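All remarks here apply to the structure that follows.
The values are calculated or read from the model by the stated rules, or taken from the named source; none is laboratory data. Bear in mind that the values here come from a model prediction, so they are computed numbers and not experimental data. Here the Cβ positions follow ideal geometry from the backbone for every residue, glycine too, while neighbour counts run over all protein chains shown.
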Amino acid sequence: MQPFVFTFDRSLLQGENTRLVNVPKELSNKGALLSWYANALEFPEYFGKNWDAFDECLRDLSWMKERKLVLYHEGVPLNESPKDQEIYIDILARAAQDWEPAEAHEVVAAFHPVCELKLQAIARHR
């Protein structure tokens, strides 16, 4: 199964009991990205602002009232750090694939189609 959804039209991703969040492509470093997520998704206070904690929060979501979380990207963040960009994309892919339809929550990692070649290049690098 493809872990990412590619679409021009964000409205196709919205629905009942869905929270759509637009991830800024300008987040150029790990600290900015993790702080943005902590604020945007209201991560629990115990969030440690590291990759393991980010991964754990995307696989929990127990504090969210909406069942479905859609993370929409107009561009791929973390351009200043290819290694962090690779880790971020890997965490998103695993979070999107790990949630099952019958579970309490679901993560959808969505991208504007212009990002597809960049994501393919990142996947080849792994």
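For region 81-95, the criterion of being in contact (Cβ under 8 Å) with a residue 40 or more places away in the chain, closer than 27 Å to ASP9 by Cβ and assigned to a loop (DSSP other than H, G, I, E, B) is met by no residue. The listed residues are TYR72, TYR37, TYR46, and the only one of them that is touching a Lys or Arg at 6+ places or on another chain (Cβ under 8 Å) and aromatic (Phe, Trp, Tyr) turns out to be TYR72. Annotation: of all residues in region 12-47 being more than 15 Å from GLU74 (Cβ to Cβ) and touching a Ser or Thr at 6+ places or on another chain (Cβ under 8 Å), the one that is surrounded by the fewest Cβ atoms within 10 Å (Cβ to Cβ) is ASN29. Within region 96-110, can one find any residue that is surrounded by fewer than 17 Cβ atoms within 10 Å (Cβ to Cβ), closer than 25 Å to ARG124 by Cα and of a type in the set (S, T, N, Q)? Yes: one or more hits.
Could we say that ASP55 is under 20 Å from LYS118 (Cβ atoms), among the acidic types (Asp, Glu) and surrounded by 16 or more Cβ atoms within 10 Å (Cβ to Cβ) here? Write out each step before concluding.
Details: under 20 Å from LYS118 (Cβ atoms): no; among the acidic types (Asp, Glu): yes; surrounded by 16 or more Cβ atoms within 10 Å (Cβ to Cβ): yes.
So ASP55 fails the test.
When the residues of region 96-121 are filtered to those that are outside any helix (DSSP H, G or I) and of a type in the set (A, V, I, L, M, F, W, C), the one that is modelled with the lowest pLDDT is ALA102. Just one of (1) modelled with pLDDT of 95 or more; (2) hydroxyl-bearing (Ser, Thr, Tyr); (3) exposed (fewer than 15 other Cβ atoms within 10 Å of the Cβ) fails for SER62. It is (1). The set of residues in region 57-79 that are under 19 Å from GLY15 (Cα atoms) and in a loop (DSSP other than H, G, I, E, B) comprises LEU61, MET64, LYS65, GLU66, ARG67. Taking ASP84, is it farther than 17 Å from GLN2 by Cα and crowded, with 17+ Cβ neighbours inside 10 Å? So ASP84 passes the test. Looking at region 1-54 only, could you name the residues that are of a type in the set (Asp, Glu) and at negative phi? ASP9, GLU16, GLU26, GLU45, ASP52, listed by residue number.
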